[in-house]
Amino acid sequence: MPSYIDLHVHTTASDGSDMPKQVVEKASQLGLRAVGITDHDTIQGVTEASEAGSRLGVEVVPGVEISCQWQRKSIHLLGYYFDPTNPGITRLLEGMRRGRTERLPKMLAKLRRLGIDIDQEEVEAEVCGEAIGRPHLAQVMLRKGYVSSFEEAFDKYLGYGRPAYAQRPRPTIAEGIRTILDASGLPIVAHPLTIKASLEELLIALCPLGLQGIEHLYPYKFVAGRREEWYEGVPRRLAQIKQLADQYDLVLSGGSDYHGAIEGKAPLGSAQVPYEVLQRLQDRYQELFGHLPSACTA
Ligand code: AMP
Ligand code: ZN
Ligand code: FE
Ligand code: FE
């Protein structure tokens, strides 16, 4: 029987609803061999997850997810195995978290003008970790009855271009990739099929910057939900990712983007990523940096 892993997971350190150790416990119950902790703009959850991982025999891959900018589009960049003490990436992540904190009052002011009255403290009460996100705000809106679903909070108010949307500063994709590489990490583009650009155009821009991999296995069907027409093109584009990864010498990655019990998010392990994917990631790390990643217990 093949062993499976999940390399894209959020915890309470950012906007997931499971604590890092709970994620690892669930991974263990599901028989997953490895789990990648990729919270938004923080590595706060990695230590707790690693401790649980050593106890339960689940390999924990340290990582992060950073929203970057490319041609006015948002590109989510995953970074694996970087040195957590590196000043460059530490500074970048701190700045991103500050941007999140400073964005919240702006969104609350916009909501108030729309008749939605939420205090900063109410949102902060939802946050366990150090990265405040729109999902925390959406939960409060849902609980207070301003919306009838989590999705509605984004569709009507918080999504890009919606009336309570507020931008936060984002690094360029070049800066994101460079910062991860300089911290001895592997930069990998997340859920590429959610980016409104041709894959080839994207890779022509990102590969010369040092991109090392592309997320391939991802629960697109789940994410598409009722938008069946959107999902139609996905299998063909996934085949294209494989072909382009070969052509551009990128490693293929995969994960579920699990967020715990947050509505509309895919279950842990649902991307069905074989363990070999992680071995190839580690091989690439070794090629680039001359040794296996230190967190690697294999
Ligand atoms: P933020 O990190 O605050 O910019 O919020 C982005 C996060 O919100 C994503 O990582 C998702 O977890 C969630 N999100 C973004 N758009 C949507 C949407 N349309 N529906 C549900 N969740 C969303
Ligand atoms: Zn998220
Ligand atoms: Fe993402
Ligand atoms: Fe994510």
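The values are calculated or read from the model by the stated rules, or taken from the named source; none is laboratory data. Keep in mind that this is a model prediction, so the values were computed, not measured. Neighbour counts run over all protein chains shown; Cβ positions are idealised from the backbone, glycine included.
Filter the stretch 119-141 down to the residues that are touching a Ser or Thr at 6+ places or on another chain (Cβ under 7 Å) and away from ligand 4 (no atom under 16 Å from the Cβ), then identify the one that is farthest from THR101 (Cα to Cα).
Across the stretch 119-141, the extreme among qualifying residues is CYS128.
Residues being under 12 Å from VAL9 (Cβ atoms) and out of contact with any His (no Cβ under 7 Å at 6 or more places or on another chain): count how many of those fall in the stretch 248-261.
Qualifying residue count, the stretch 248-261: 1.
Within the bounds of the stretch 19-35, is there any residue that is within 20 Å of GLY213 (Cα to Cα) and either touching a Ser or Thr at 6+ places or on another chain (Cβ under 9 Å) or at pLDDT 95 or above (or both)?
So far as the stretch 19-35 goes, yes, one or more of its residues are within 20 Å of GLY213 (Cα to Cα) and either touching a Ser or Thr at 6+ places or on another chain (Cβ under 9 Å) or at pLDDT 95 or above (or both).
With respect to the numbered conditions (1) surrounded by fewer than 17 Cβ atoms within 10 Å (Cβ to Cβ); (2) within 16 Å of ligand 1 (Cβ to nearest atom), which one is the sole condition not fulfilled by GLY88?
The one condition GLY88 does not meet is (2).
Say we look at the stretch 5-33 and pick out the residues that are more than 24 Å from HIS216 (Cα to Cα) and within 16 Å of ligand 1 (Cβ to nearest atom); which of these is surrounded by the most Cβ atoms within 10 Å (Cβ to Cβ)?
ALA13
Within the stretch 97-145, track down each residue that is farther than 21 Å from GLN44 by Cα, free of Cβ contacts under 8 Å to residues at least 12 places away in the same chain and assigned to a loop (DSSP other than H, G, I, E, B).
GLY115, ASP117, ASP119, GLY145
Can you tell me how many residues within the stretch 5-25 are away from ligand 3 (no atom under 16 Å from the Cβ) and β-branched (Val, Ile, Thr)?
4
Condition (residue is β-branched (Val, Ile, Thr) and buried (at least 21 other Cβ atoms within 10 Å of the Cβ)) applied to the stretch 100-110: is it met by at least one residue?
No, every residue in the stretch 100-110 fails to be β-branched (Val, Ile, Thr) and buried (at least 21 other Cβ atoms within 10 Å of the Cβ).
Which one of the conditions (1) exposed (fewer than 13 other Cβ atoms within 10 Å of the Cβ); (2) in contact with a Pro (Cβ under 8 Å, 6 or more places away or on another chain) does GLN167 fail to meet, given that it meets all the rest?
For GLN167, the failing item is (2).
From LEU209, LEU193, LEU244, which residue is within 19 Å of the chain's Cα centre (by Cα) and in contact (Cβ under 8 Å) with a residue 24 or more places away in the chain?
Criteria check complete, one pass: LEU193.
Across the stretch 64-85, what is the number of residues that are at pLDDT 95 or above and away from ligand 1 (no atom under 14 Å from the Cβ)?
8
One line per residue, one yes/no per condition, for (1) assigned to a helix (DSSP H, G or I); (2) touching a strand residue (DSSP E or B) at 6+ places or on another chain (Cβ under 9 Å); (3) in contact (Cβ under 8 Å) with a residue 60 or more places away in the chain:
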{"position": "ASP6", "(1), (2), (3)": "no, yes, yes"}
{"position": "THR11", "(1), (2), (3)": "no, yes, yes"}
{"position": "GLY16", "(1), (2), (3)": "no, yes, yes"}
{"position": "GLY31", "(1), (2), (3)": "no, yes, no"}
{"position": "GLN44", "(1), (2), (3)": "no, no, yes"}
{"position": "SER54", "(1), (2), (3)": "yes, yes, yes"}
{"position": "PRO62", "(1), (2), (3)": "no, yes, yes"}
{"position": "ILE66", "(1), (2), (3)": "no, yes, yes"}
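Being closer than 22 Å to SER50 by Cα and within 16 Å of ligand 4 (Cβ to nearest atom) is the filter here; which residues of the stretch 60-76 pass it?
Passing the criteria: VAL61, PRO62, GLY63, VAL64, GLU65, ILE66.
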